[in-house]
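**Student:** One structure coming up, written as structure tokens, with questions to follow.
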Amino acid sequence: MRWPVAALALLGAHCVQASAAASSGCGAAAPSSGSYSLPHGGLVRHYQLSLPANYDPARPARLVLAFHGWGGDESEFLGDRTVVEDSSRRGYIVVAPRGLGLGAPDHKNNSWTFRGSDTGVVEDRGTRLPVCDAAITPDYRYPSCAAKRAQNSCSWTQCQDDDVAFVRDLLAHLEATLCIDTRHVFAVGGSNGGMFTWELAANPASAHLFHAIAPIIGLPHRGDLRLPGVRRGLPVLLITGLADNVVPPGQWDDASFTTATNDNDRYYYTGATAVVRRWSEAAGCPTAGPEKPFDTGQSAAECRAYCPGTAANWPRVLDCRAPMGHDYQLAWAWKLVLDFFDRQ
């Protein structure tokens, strides 16, 4: 049975009211949507805030943190009309932070740092796996990492600040100044930002702060198959592109790692099947057979899952792949993301 969209919207609104946990900022004067800064680690970090049209300072609202891709900024998500309008209509607060890089000492592309991206290697069961083929891949090392943590020329993100610690402090700041439902805080990211959401969900220092994640065309580096950082596991919606040669997901039911083939880059990533299987096991779902098709009502992507689901309660781990390249396609992908968050 497929539920009418209006009925599902009402169900989602009822669930928010029934299970909301108010942050300390409830009752404070409402700020305005716009750009803000936050001191952190001796630096000034930046973020953009988008409040829903019906924002009520006394009623806890769901929050989405949206992380841009390599070289992007906060406008990557909040400059998109679908993101702003659909989030507002559903009552979500959206905050888009800016990564580090475009400034001293790096003067490189804005980026988010996750396991392996700063060191250039991933430790997997006692084996040091390089995250790229250094003989082919250009040297993208940031000065802040070359002097600190980079172990080879595969390192490609910043080391000026601890991004996980920044997100923790940003959330504390937002919860003190906005009326947030602390039980429904979500993370979405594109490309490098999507890779960072896996870090946030796997790292015990931050995993407990989130209710679900939705990486878009972003996968962990080869060898990183950490479990969610909380015992109960974390719901995840993974959206990838079957024609993506930057962060390829691999073929359905193939647990092998994948390799970028764009230009001269040869970065290695954990394949979509492997990470989805791992996180499905953490959710207590059977993974002996192949993933089963699941109808999200979104025709742009084929979605499959190991976990069972219904129209009202989608699978806790959902693997969606579209015939696209390294592209967000937010016109449909953002709606799918919020549909997933609505049902978690």
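The values are calculated or read from the model by the stated rules, or taken from the named source; none is laboratory data. Bear in mind the structure is a predicted one, so any value in this text is a computation, not a measurement. Cβ coordinates were reconstructed from backbone atoms using ideal geometry, including for glycine residues, and neighbour counts include every protein chain displayed. Note: areas computed on protein heavy atoms with side chains; ligands, DNA, RNA excluded. Shrake-Rupley method; radii C 1.70, N 1.55, O 1.52, S 1.80 Å.
**Student:** Pairs needed: first member in segment 282-301, without any contact (Cβ under 8 Å) to a residue 24 or more places away in the chain and outside any loop (DSSP other than H, G, I, E, B); second member anywhere, buried (at least 16 other Cβ atoms within 10 Å of the Cβ) and aliphatic (A, V, I, L, M); C-beta distance under 7 Å; at least 6 residues apart or different chains.
**Tutor:** 292/305
**Student:** Hey, another quick one. Examine segment 70-77 for a residue that is part of a loop (DSSP other than H, G, I, E, B) and among the acidic types (Asp, Glu), and state whether such a residue exists.
**Tutor:** yes
**Student:** Tally time: how many residues in segment 85-144 are of a type in the set (Lys, Arg) and within 30 Å of residue 181 (Cβ to Cβ)?
**Tutor:** Summing the residues that are of a type in the set (Lys, Arg) and within 30 Å of residue 181 (Cβ to Cβ) in segment 85-144 gives 4.
**Student:** All but one of (1) closer than 17 Å to residue 158 by Cβ; (2) surrounded by fewer than 20 Cβ atoms within 10 Å (Cβ to Cβ) hold for residue 112, so report the exception by its number.
**Tutor:** Checking residue 112 against (1) closer than 17 Å to residue 158 by Cβ; (2) surrounded by fewer than 20 Cβ atoms within 10 Å (Cβ to Cβ), the one that fails is (2).
**Student:** Within segment 50-63, does at least one residue satisfy the condition of being open to solvent by 40 Å² or more (accessible area, probe 1.4 Å), over 22 Å from residue 190 (Cα atoms) and touching an Asp or Glu at 6+ places or on another chain (Cβ under 8 Å)?
**Tutor:** no
**Student:** Continuing with this model, one more query. Look at segment 230-243 and say how many of its residues are within 13 Å of residue 301 (Cβ to Cβ) and buried (at least 22 other Cβ atoms within 10 Å of the Cβ).
**Tutor:** Residues flagged as within 13 Å of residue 301 (Cβ to Cβ) and buried (at least 22 other Cβ atoms within 10 Å of the Cβ) within segment 230-243 amount to 5.
**Student:** Would you say residue 103 is in contact with a Leu (Cβ under 9 Å, 6 or more places away or on another chain), of a type outside the set (Lys, Arg) and without any contact (Cβ under 8 Å) to a residue 24 or more places away in the chain?
**Tutor:** Numbers: in contact with a Leu (Cβ under 9 Å, 6 or more places away or on another chain): yes; of a type outside the set (Lys, Arg): yes; without any contact (Cβ under 8 Å) to a residue 24 or more places away in the chain: yes.
So residue 103 fits the description; yes.
**Student:** Is it the case that residue 219 is touching a residue at least 12 places away in the same chain (Cβ under 8 Å), under 22 Å from residue 240 (Cβ atoms) and not hydroxyl-bearing (Ser, Thr, Tyr)?
**Tutor:** On the way: touching a residue at least 12 places away in the same chain (Cβ under 8 Å): yes; under 22 Å from residue 240 (Cβ atoms): yes; not hydroxyl-bearing (Ser, Thr, Tyr): yes.
In short, yes.
**Student:** Could you list, ordered by first residue, the pairs with Cβ atoms under 9 Å in which the first is in segment 67-81 and under 15 Å from residue 214 (Cβ atoms) and the second is open to solvent by 40 Å² or more (accessible area, probe 1.4 Å) and among the hydroxyl-bearing types (Ser, Thr, Tyr), at least 6 apart or interchain?
**Tutor:** Sorted first by the residue in segment 67-81, then by its partner, the pairs are 68/75.
**Student:** Another question, then. Restricting to segment 215-229, and then to whatever is within 19 Å of residue 265 (Cα to Cα) and open to solvent by less than 10 Å² (accessible area, probe 1.4 Å), can you tell me which residue is nearest to the chain's Cα centre (by Cα)?
**Tutor:** My answer is 218.
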